[in-house]
Each structure stands twice: as C-alpha cells, then as structure tokens.
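Heads up, the thing below is written out as structure tokens.
A short reminder: the numbers here are calculations on the coordinates, not readings from a lab. Only a predicted model underlies this, so the values are computations on that prediction, with no experimental measurement involved. Cβ placement follows ideal geometry from the backbone for every residue including glycine, while neighbour counts extend to all protein chains displayed.
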2 protein chains.
Amino acid sequence: MFSSKIANEKSVHTMLNPKSIAVIGASENAKSIGSVVFKNLLHSKFEGSIYAVNPKYSAILDQPCYSSLQDIHEEIDIAVLATPAETIPDLIDQCCLKNIQSVMILSSGFNESGEEGQQLYKDIKSLCVDKQIRIIGPNCIGIINPWIDLNLGFYSKQALPGNLAFISQSGALNASILDWAVDQNVGFSSFVSVGSMMDVNFSDLLEYYENDDKTDCILMYIENIEQGKRFIEVASRVCDKKPIIALKAGRSRQGARVAASHTGALAGNDKIYDAAFEKAGILRVDSVAELFHVAKAFSIQPLPRGKRLAIVSNAGGPAVLATDMLISKGGELATLTDATISILKENLPSHAAKVNPIDVMDDASAETFSHTVIQCSKDKNVDAVIAIFTTQGLTNPADAAQMLIDSYTETDKPILTCWMGEGDVAKARDLLEKAGFPNFRYPENAVSVFQKMIEYKEAHTFEEKEEEEVQTYDVELAQTIIQYAGVQDRERLTEMEAKRILDCYHISSPESHIATSVEEAKYYAVQIGFPVVMKVLSPDIGHKIDVGGVILNINDYKEAEYAFGEIFSHVTSEAPDAEIMGVLVEKMVHKKYELLIGAVRDKAFGPAIMFGMGGSLVELWNDTHMAMAPLTRDDACHLIKMTKAHTLISGFRGMPAINKEKLIDVIVNFSHLINDLQNIVEVDINPFAMDEKGGLALDAHMLIK
Amino acid sequence: MFSSKIANEKSVHTMLNPKSIAVIGASENAKSIGSVVFKNLLHSKFEGSIYAVNPKYSAILDQPCYSSLQDIHEEIDIAVLATPAETIPDLIDQCCLKNIQSVMILSSGFNESGEEGQQLYKDIKSLCVDKQIRIIGPNCIGIINPWIDLNLGFYSKQALPGNLAFISQSGALNASILDWAVDQNVGFSSFVSVGSMMDVNFSDLLEYYENDDKTDCILMYIENIEQGKRFIEVASRVCDKKPIIALKAGRSRQGARVAASHTGALAGNDKIYDAAFEKAGILRVDSVAELFHVAKAFSIQPLPRGKRLAIVSNAGGPAVLATDMLISKGGELATLTDATISILKENLPSHAAKVNPIDVMDDASAETFSHTVIQCSKDKNVDAVIAIFTTQGLTNPADAAQMLIDSYTETDKPILTCWMGEGDVAKARDLLEKAGFPNFRYPENAVSVFQKMIEYKEAHTFEEKEEEEVQTYDVELAQTIIQYAGVQDRERLTEMEAKRILDCYHISSPESHIATSVEEAKYYAVQIGFPVVMKVLSPDIGHKIDVGGVILNINDYKEAEYAFGEIFSHVTSEAPDAEIMGVLVEKMVHKKYELLIGAVRDKAFGPAIMFGMGGSLVELWNDTHMAMAPLTRDDACHLIKMTKAHTLISGFRGMPAINKEKLIDVIVNFSHLINDLQNIVEVDINPFAMDEKGGLALDAHMLIK
C-alpha cells in the first residue's frame, strides 16, 4: 500500500519500536482483550509511555485512564484498538485527529463474519488509505520486541532477545512457538502477528527486516499471499542478505483448478508457492517442528560451505540411524583425510570406528568425545559435524557438552548436536543451547536440519553468469493469432494456432497442414511424406484421442483416405456439437523421449513454467517441477535438474543423451512466450518429443482469456 | 537355539523375573561396570536376593561379597558377568557347577575385537549349548522389569511400570528411550538390551512376550536378524495378538548385491526387511522420534476402526497444517453427520468452522473445546479425533485437558492430543499423559502417528479368505533343466531354459525356437509368423541389448536373413568370449503394459518376490514392492496394490484395465516357483507384457547356485 520503500521501512520501524502507546479499550474486566494487553504492557519492563483509553474508567490498575485520545497531551506512536469491530472506524477518525500514524487492530469480526463484517473491513481499509494511517491487523495478536521489552498484544510471555524475526498469519502458532523458544533458549529480534493484513503485509515487514541489524534470519508462517509479484521481488532482495524460512499451510487445499490440460491438472496452487519460494530464494519447511528446528540452527550456526557431513557418536546405533536419514535425503558422508584418521587412531580404542560415521565407543571420556568432534570439524574434507551423545556410559553428559563448547574456538564450521535423552541431558542441552549449539532430541532431526542448511546453501550459490544472448520473437504475429481467437469468443486455440504461436518463439513442430477434404488430406500426406498422423482440428475438443480424433502411423495413400473418413465419423458421433475446422495432417515423428513443457498464469504470482516427463502417463508419474517465468538459462537448467526426466535424458542406462543446451533454449523461449503474451492463461506442450538431434512439439494446447 | 517353545518361554521368564541374582565382578571401584550394576540393584526396591561375587573383596557397600559362586548356598536364578571377556569361559563353568541356568554377559571384547575375540565368542557359544545354559548378551547393557523393581544392568534409572515391552540391539538407544519415557509418563512391562544375541535373540523374546499378560505392545530396535524364517514365523504369531513396532537401522547399508538383473539391482537388503516385516505384520517406523511417538499412542489408546479422522482445534493454522500432513500421507478427513454439525452449531460461535477440520475459535472455553472433541468422536462417520489446543486465548490449557479427560468416558474411539507449546502447557500434558492420552508437541506428529495406527490396522484387517485352488506344477522338469545347467557349471540359465521353467509354472511366453543356422532362423520365422524378434542365446550374456544381440520387428523373410547375420556379427565383435548357443526366434508381441516380476533369495529370510513397473526404465521409476514367498492370492493382490503400476493397469485415463485375476495367478505361480526351486537365487521377468487379454514373459533371467 506504501509506494515508498523508505516510508514503509520508517513506519514499520515505528510500529516495532514505539516510544508511546495508547491502548484503546483497556479495561479492568480481566477477561477482556484490552485488559490483557494493558496488563502485559504495564507488567513488562517497557520504558516508553503507556496510556489507557476507555471512557468507562478513570483509572485502571492504579494507572490513569483517559476517556478519549484527545485527552492525552503527548504524542502517540501507536494506538492499539481492542474494541468491537463496529467501533473501529470512529476510533480511527480519532487517531487521525490526534495525528497518530500507526494503528494495531486486535479485534476480530471482519472478513470472517459475513457481509457486514466484510463491508466494515473495506470501509476501514479505504479510510486508512485516505488518511495515510498504517494498520497492522485486524485479527492479529500483537507484536513483541524483546530488545525494548515490548509485549504489545496478548502473548502470555516475553521472548528472549535474539536475532530471529518471526512473521506469522496464525496467532495461535505465535503463542506456541514463543513458548517453545523460551524453553529452548531461542531468541528473537521481533515477533509479529500480521492478522488479516489489511495494510502491513509480509512484503512490508520483509522490507523492514532487510536492513534491520538485529535480524539475521526471518521465519514466516504463511497461509496466503496476495501481491505475489511484489512479494517475490522483496523476498529475493532480502534473501541475498539473510535467510528467509517459510512454513506454508494449505498444501492440501488444491485441485480447484479445472483440468483443461496436463499442466493445469498438475499445477496445484501449492506447486506455484514452491516455484515462487524457489524464485525468491526462500527455504520452505514442511512442519512446525521443522520450522522450529531449522530456526534454531540458522540463528546460531554458520552455514556449511559444502555438503560433506561427519557424524560422531559414542554409540553405533544412533550413528547408523543418522546415516540412514542422511543417505535417504540424498546427503553425503564426508571421507576423512588420512591425517585425521591417524589422529583418531591415536586417541580412540582399537575397536572404535574411525571411518565416518565415527563411533568413539560408550566408554569415551568427555575429552575424547569432544576432541574427536573437533578433529573431524577441522578436517578439510568435512563441511559440518553432527555430534551425537548418548548417556549409556559413565561420562557425564554436561561435562561432554562443556568440553565441546570450550574447544569450539578451534573451528568455524557448523556443529549440530544431539544429546539424546531427557532429564539426564537437560543440563547439557541448556549449556549447549546457551553456547550457540542447536541441540536436537533425535539424531534424525539434526540430519534433516543439516540437509535444509545445504538446500539453502546450494540455492544461494551461483556461478558467474555469462551474458545471455537476447532472442527476438515474433510477438506481433503471436498476438494477432490470439486476437483472432478472441474475436471469435474462443477460450481455446486450435492445435494449429497454438503451434504457430510456438513457431513465433522458435519452438518447432513437425510439418503439418490443414485438410478440409479427403483430397486435400491425401495431397498433404503425400507432400509431407509417409508415415503421417491425422488429428481432428476443433476449438471445442480438448482431448482429441478420447473422441477418436487421432490416427497415428498412416503409411500410404489408401490408409490416408480411410483415416480421414474415420476421424470424421468418430468425432461427429462422439462430439456431435463440436465445430470441426478440418483435419491436421502431420509428419509422424518418432523420438525417444516424451517431455512436458507447460505453463499456467497464477493470479497472485504470474506465469509459472512446468517441466517434466511427458506422454500419456504424466499424471501417473507426476514427475514435474515448476519455476516462475521468465527464466534465465540457469533457471531452466535448474528446472530440468529437479526432475527424474533429467536422469533419463542425460543418457540413462547407455541410451544416448539429448542435447541439453537445445532443451534449455526451448524452455527459455517458452518462458518468454508466457511472459509476453498476457492473454494466455494456460499452455501445455505434451509431448515435446526429443532425441539427440533435437525436439519437436507434437501436440500443444493453449487457453486464453 | 532352544527347540522347545515352552522351555524357551520358561527360561526367558526366569531372566526377566529372577528371584536371586549374583553379580560377578561387583566392585568398589565406582568406574567399573560391576560396581554400577551392583549399586543399581542395591539401591532399587528389588525384593529378591542379591549376591556380590569378587575374590578381591569381602564386602562391598557394606554388603557381604563372596569370593566365588560356590560360596553362595542359595539358588541363583541369573548370574551377571561384568568381568573382562577372557574370564568368561571359566566363570560359565562355575555357573554350571552351581547349576545356574541363566547368564547375562555385559562384557564387550568379542566379535568386535578381532580374531581372538571372535574365537572366544565361538567357544563360549558352544560351551553354553553343551551345558544348556541360556545367555543374554554379550555386549548388552541389561534388563529392566519395573513391575518387580528390577534394574539389572547399567541403566541410570528405573522405568515406570506399563504395558510396553522394548527389545533393542543398541544399548545407547535404550538409555535415551528410557530417559524420554520417564519424562513423558510412558511405562514398560520390561526393557531388554539383547547385545550380540549369542543365544537369546529377538525371536526368543517375542515368543515370551506373546503370552506375557503385562505386555500389550512390543517395540524393537533392530540392526540385523540372522534366523529370518523363525523370526517371521514367531513375529506373525505374536502380531495376531499384540502389535510389534520396529525401527530397523541400516537402510543406507545396501547396494552390496551385484546387479545381475533388474530385480537384483532394486532388491536392496532393506527392501527384504520391509517385505519380512510386512509378512509378519510388524509396523515399521523410520526414526527414533517416530518409534517413541507411535509407542505412546499404541500403549494407551485403542486402535481406530477406520481411517476417517476429525481434527478439532481452537486455531485455524494448526488445523490446516494437520490436514496438510494427513492428505499428504494419503489420509482421509471424516465427513461429519448433519446431526453432529447441528450440535456444533448450537455450541459454537457463528464464525467457527463446523466442517472438519473444526476450528472452535480462540475464545472457546474448556467446556466448548472438550464438548466439540467428544461430539466429533461420537459421530458415526468418525473413527478418531486429533484435538489441537493452542494457548492464544484466555482458556487455561490444564482446564481444557481436565475437561477432556473427564468427558472421555462417553466414547471409545482413539483421541490423540496436541497441546502446543512448552512451559505453558506442561501441566496439561502431564494430566493428559497420565490419563492415557498420548500428547504430541506438534500437530503433524499426531497425524503421522494416526496414519501409522491406520497402517497397522489395515495390515491386520483380513477379509474371509476363500479356499485357494491348489495348482500343480511340473517341478520335475524344472529341476531337470536346472540340474542340466548345474552339470555344465553355469550360474545363468539361458533365456530359453528360463522360459521353459516358467512354463512349468504356467507362466507363458511367446512362441519361440532356437535357430543355429540362418536357414533354421528363416524357417522358424515363417512358421511363427511375422513380425518376429531375434535374440542371441548365450549363457554368458546378461544384457543382450548392450552387445547388439536383439533385433525387433523383423517383418519378412529378407529381414530375417539379414537380422540373423547382424546378431552374429555384433555379438562376436562385442562379446568375443561368449559361447553362442544360437538365436532365439520369437513372435513379436505388442502389449500395452510392461511389468516386472522378479525374485531374490535372501540368506536370512528366504525368497522374496518383487513386482512393479517393468521395461527399460524400471530403475528410473523404482516403482517396485517386495513380498516374502510363497504368496496367497490376497498377498499377491496386496503386492500389486503397493505400486503405481496398479493405478496404471486398473484403467488409467480411460485406457483398458487388465484382468487382475490373471496377473494374480501369474504372481502366485511365480512365488511357488521360487519357493520350490531352491537352487534359483535370482529371477527376473522383465518385461512381463500384459494387456486386457492376458500376459506373456517377453524376457527372463535366472541365476542358480
């Protein structure tokens, strides 16, 4: 809502760092929100001014209570509204009079409460735009800034100061995360419940955190994003400076899209979010536990330089379990140098395992355990260490923890710890966490978090990019074709039209002609050269095969005559209402690999490209990945690599590999197509048939608006 | 080692319930194992007799110490040996003299300690067989039986009494699990560290727990199983009475198998364990956390009758996250009856979500929350409820917990709980866990556990079985063919031989003949009818295509002549040392679906069948599942259903479905083949080509020993 980045940063700064606060609706009724908010402020160490406003009281909790904002003579940085929804517009007017520029609306009863509430929401929103007041909420539970002892909302406790920012669309999750964090010594720069995001939204906050020195890592809980393009733009910029980790709810809420094409069927809303996060460089996690675990590691440990992990344990079993998890996630055990192995041999008993995973044995002392961890960490073949300590032996867990903490100065690589158990290791955990070692209850969790660190690291490691050649496309012709279909009020282009548009973007198809009579069909078949394929041409038919509208492998003149008749008779009986524009006579092409290249245009995020294994089994294998358009060559290369199709076309089991550069050309060109032609809402090339010589679009669907 | 089931149960019972114990190696040296063990016993409430044995002392911790076993005049149920490995044989002799029938060896220094240790291990093992002494260990950390206050070993604490048995090959894991369990009020019937399983092994213990009234559920941590067939047999029997949940380490330790066939390449050791566990009915979990979570639920909640889950929460976000996890794991949200929805409407505010997942809103009272959970639980469309409580509102978490506990009498369906947070919900968690509600930190964990309960339930729900028709097979001919190859010292049968063996088990192949000259080749091609395929026949060639030994689509007399020559020239140049027995001329068959049916013979578990998508991309998709042979029709049906191939052949996207009964016939027959013919170590039919009319083995590999 705020066009100026600087103005936005400034206003968010004021919200998170207010010097004076008015609580409108403060109350003595312990069950009211206003009472809780005022009490939280009052009982905190917050040093700014706090004003209670409520005409019903003259004093609350022995503090003066003002009957209206106008009675307060000092300046107010933020007004907190904890009153029923219908009172809000009036109160905002009062805030204006008082020249208050930030308002937090805790109240609910808007968008979730029927038409009346929705109207109220709209009214308030336009009021605030008019008056240039910034709103956080409604339906939020507040802001915490532990660095200034601010608990502005109804959180039951204060967070520890730290370097994590947390932005969340679920107040409930905030409360629980806060409780866990306090228990595990995890600190925050600030903690924001954004509620319905009438005004201040994810992008506004990210823009603020981008330059906030206190914030090293940003956590987000997201339910939906509306201005997707701005979000990607801001998040990309932020991700260049500090990690963003997001938990997105609603994976299961998809399938609303009508399946007009393979791409449409496979491109659930959630895959778009995946692509958007990938584009921005946001690390996505899959569960609350993972968000929390990953946050612990990112907030206090350096990122590993590479993926080679050493696992050190004083027990065999947990080390194997950790290794299992590592390998199942595609991770890599480090190979220790001979020098390290020699050092380990000197220090470990003969029957200890000195190859990674290293088992120092249950009778290892605190010194031996910690020494082994540090030696592995110093090994040049090792990028990170997971240290797993179990309590079976006689070594005191807290001693082992302290010894490791004391020795950590010798290395600058990440060490994740897992002191297994509960009460027996409580003291050790506390020591480790306070000293900056994320400690995990189970070895598998430590490994999962390490893999997330690697995922983040790899997504943010870029090679020097070559200047990319700029292609020119025949945008004008493509748009003319679309306009022509638009004039006819069609939502679907014919296959021929779709392929002509692909031509405009240098994506070839086999030679083909439209035949409207059997004579023409035969003529074109001979001209093209047998074998040919014939396909019904109709803007009304999506799945041509289903209505008998496709005949393959037509080998001669006779078969061509027969096929033309067959297609007409099938289609007129199976789809009697469909307009038949003719029959497409096309060169029959055999190429080894059938790929899918598609795109959908998302309302919030814009066009997203899909790539993967194509053919008729595409929904069965579901081997596709998506990326936001437009794509650079690097993006296209990454998109290909995210699929099993990549393994196949790279020369699987001795089969010839395709020319990947040519495939990248096609995908990049295709991404320009969907980016340029704003009227196309869905495209599907399936199959895009390829072999070592090149590729051709054998079929294409395009939907327009 | 014990042939008699009754004798085994009796001796294990004595080990877990001893009345008198001798600790050999008891000591005053606080750092020695013997000292810890003796102290643990002494400081416990164990009411049996405890004797310290050590010639070095006359008293330990103010208790008399005997210089040898012979000095003790009472009977001893179990002797604990906590002395160096090399002293063990002598001590066992002394145990014999004293007529002690059970010995626990805590010592290490055997199999893991080079040749000397291994010899010692063997010596002790045969000594015990001779003397009919039962051994637990060596290299174990002991036994806990909380019902008699027994802590026999070096566990740092006693377990709570309960109904879970835990058997583990990792002492370290035992110690950690025990610590967690005490923290979370999880109780045990007993807790056994089996160590190297010189004698008492998993099967022996399972056999005991089968009839142990105190045990309702058995947990196992497994690193390797040696006598696989007995294990499956015993575990199957036990699983009919009580659940077994297993964590198997070493998923990543596979790939040792040499890839002589597709099946061989895909059948890692871990897939065999999967198949063995499935055969026995054991529920496999993937991590320590999951073992622990699942155990909590299985020990105190009834199993759901079906898979329809209701999710009730006082916050939208966590409910959506739980739903995401449920759907991603293939679970099912219950559809509430209108009656339940009406009741909810009466009790919940207008803007609360009354369809599953149910959001009672943050201001719901303890009564409203608990009432909603119970109403959902009572709904006839609901099989289980997950109740997620967050601390954002004003409702006290402990009150909500207590209210739910008090109301639970109204329903008999499982309720899993997730009071989110840490310190704020500590009291509520304690209440819930003590009252028999497994409580999880994160909503996703509760859902995962619920899905495991369903997995277990479904694996143990059998329909009435029809009497299966007994097939007769030409075992004699099959064995003659194998013997013939054996006489020739071959490890690989030719394709023709393999197909003849398949014939003996009613698995058909296309018509084929061996041609040794071009004239014969042409003659057979004509006789079979074009098109035909020709394949080199050689016992030395595994991958015929790789040496140019296969030509498809031979359409006439001329092409046949040419193909025969080509194959000879390719093969003699590519594999000059291979013996060429001729060329197989075979009918060219086109069928829509290419499947894989294979088998490997595992050393521990015996033959296992593999089924899945076949063809040349089989390793790429890795869409296979395994099951232990022999298979009933139900087993075969289940095996098929575990693959994506099942979706494909069931009529995917309007394609014709195959006759599944015929496929089941083939798989059942194939399972008899590998079960009957003990000399076959690996078989691979790929592709087994099928369409709606039936199936044919187009290629077959068999390896023999």
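List of remarks:
- Neighbours of residue B:670 by Cβ distance under 14 Å: Lys/Arg scored +1, Asp/Glu scored -1, total -2.
- Electrostatic bookkeeping for residue A:691 treats Lys and Arg as +1 and Asp and Glu as -1; over the other residues with beta carbon under 14 Å from its beta carbon, the sum is +3.
- Relative exposure of B:613, A:642, judged by other C-beta atoms within 10 Å (fewest first): A:642, B:613
- Computed over the Cα atoms of the stretch A:293-392, the ratio of the radius of gyration to the Kirkwood radius (Rg/Rh) comes to 0.95.
- Per-copy distances of the residue A:572 label point, shortest first, in nm (7 angstrom along Cα→Cβ): 6.1
- Relative contact order (%) - criterion: Cα under 8 Å, at least six apart; region: chain A: 9 percent
- Axis-proximal residue, chain A, for the rotation superposing A on B (Cβ, Å): A:621, 3
- Computed from the alpha carbon positions, the gyration tensor of the stretch B:424-483 leads to an equivalent ellipsoid with semi-axes of 54, 16, 9 Å, biggest first.
- Per residue, the convex hull spanned by the alpha carbons of the stretch B:302-459 comes to 93 Å³.
- For the stretch B:71-95 versus the stretch A:498-573, the gap between their alpha-carbon centres in whole angstrom: 89 Å
- Out-of-range pairs (alpha-carbon distance over 29 Å; input B:271/B:544; A:345/A:413; A:271/B:591; A:296/B:279): A:271/B:591; A:296/B:279
- Taking only Cα atoms of the stretch B:511-587, radius of gyration then Dmax in Å: 11.2, 33
- Across the cross-link table entries A:522/B:535; B:214/B:452; B:499/B:644; B:248/B:457, which are compared at the Cα atoms, the separations over 31 Å belong to A:522/B:535.
- Dimensions in Å of chain A - Rg and Dmax from alpha carbons: 31.3, 101
- Cα centroid separation, the stretch B:124-158 to the stretch A:281-308: 42 Å.
- Across the options B:435, A:407, B:49, the greatest Cα extent toward the positive end of the charge dipole of the protein assembly as shown (unit charges at beta carbon of Lys, Arg, Asp, Glu) belongs to B:49.
- Shown for residue A:224: label points 7 Å from Cα along the beta-carbon vector, and their distances to the equivalent points in the other copies, 5.6 nm in ascending order.
- For the protein assembly as shown, the fraction of C-alpha pairs more than 59 angstrom apart is 27%.
- Normalised per residue, the volume of the convex hull around the Cα set of the stretch B:57-99 (Å³): 89 Å³
- Dividing the Cα radius of gyration of the stretch B:647-705 by 2.2 N^0.38 Å, with N the residue count, gives 1.32.
- P(r) for the stretch A:5-215, from all Cα pairs and a bin width of 5 Å, is 1, 7, 16, 21, 22, 17, 10, 4, 1 %, short bins first.
- Placing a label point 7 Å from Cα along the Cα-to-Cβ direction at residue B:20 gives distances to the equivalent points in the other copies of 8.7 nm, listed shortest first.
- Spacing of the modelled spin labels on residue A:647 and residue A:427, each 7 Å from Cα toward Cβ, amounts to 5.0 nm.
- Counting every other Cβ atom within 10 Å of each residue's Cβ, A:475, B:681, A:355 order from fewest to most as A:355, A:475, B:681.
- Among A:453, A:496, the ranking by other beta carbons within 10 Å of each residue's beta carbon, starting with the fewest, stands as A:496, A:453.
- Axis angle, to the nearest 10 degrees, between helix A:338-347 and the longest C-alpha principal axis of chain A: 40 degrees.
- Convex hull projection area averaged over all views, the stretch A:283-335, Cα basis, nm²: 4.8 nm²
- Principal axis box of the stretch B:201-353, alpha-carbon based, largest edge first, Å: 63, 43, 24
- The eigenvalues of the Cα gyration tensor, multiplied by 5 and square-rooted, give the stretch B:143-262 an equivalent ellipsoid with semi-axes of 27, 17, 13 Å from largest to smallest.
- Against chain A, whose longest principal axis comes from its Cα atoms, helix A:518-528 is set at around 70 degrees.
- Helix A:475-487 vs. chain A, principal-axis angle (Cα, 0 to 90°, nearest 10): 80 degrees
- Alpha-carbon Debye profile of the stretch B:593-704, log10 I(q)/I(0) at 0.10 Å⁻¹: -0.25
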